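The structure appears right after this line, and notes come after that.
All of the numbers you see were taken from the coordinates with simple rules; none came from a lab. The shown structure was predicted, so the numbers you read here are calculated from the model rather than taken from an experiment. Note that we place each Cβ from the backbone using ideal geometry, even for glycine, and neighbour counts take in every protein chain shown.
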Amino acid sequence: MNKEIESRVLEALRGVMDPETGMSMVDMQLINKVEESDGQVNIEFVPSSPMCPIAFYLASEIKKAALKVEGVKKVKVTCKGHIMEDEINKSVNEE
């Protein structure tokens, strides 16, 4: 694991804002995990509610932000605690 890359990814995720609150996903403590291994970054997040209407959008924005970080080759985003988490996870992680 490369803690420097993990730290840079987390910093990049500060730019992913919840449009309803205007706060970053990181500041809202909705990012549960950022783990890197050989350029693969796994990110886990929880939307602000189990029926959050923008969870797919947030998952996509998280992935885009992480992919911009130097050293990141691939990103897997996992949404937890949403009524459509399986669909969101499958869609956002399709190659």
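A straight Cα-to-Cα reach below 21 Å connects K3 with the lysines K33, K63, K64, K68, K73, K74, K76, residues fewer than 8 places away in its own chain not being considered. The relative contact order of the chain comes to 28 percent, based on Cα pairs under 8 Å that sit 6 or more residues apart.
Given a Förster distance of 41 angstrom, what is the FRET efficiency for D86 paired with E4, based on the Cβ-Cβ distance and rounded to 0.05?
Efficiency at R0 = 41 Å is approximately 0.80.
I'd like the orientation of helix 55-67 relative to the chain: the angle between its Cα long axis and the longest Cα principal axis, in ° from 0 to 90, rounded to 10. For helix 55-67, the angle is close to 10 degrees. Compared with the alpha-carbon gap, the fully stretched path from K64 to N32 is longer by 9.8 nm at 0.36 nm per residue. Estimated from helical segments only, the mean residue ellipticity of the chain at 222 nm is -10000 deg cm²/dmol, where each DSSP H run of four or more residues counts as -39500 (n - 2.57). Annotation: the antiparallel percentage among DSSP beta bridges lying fully within the chain is about 55.
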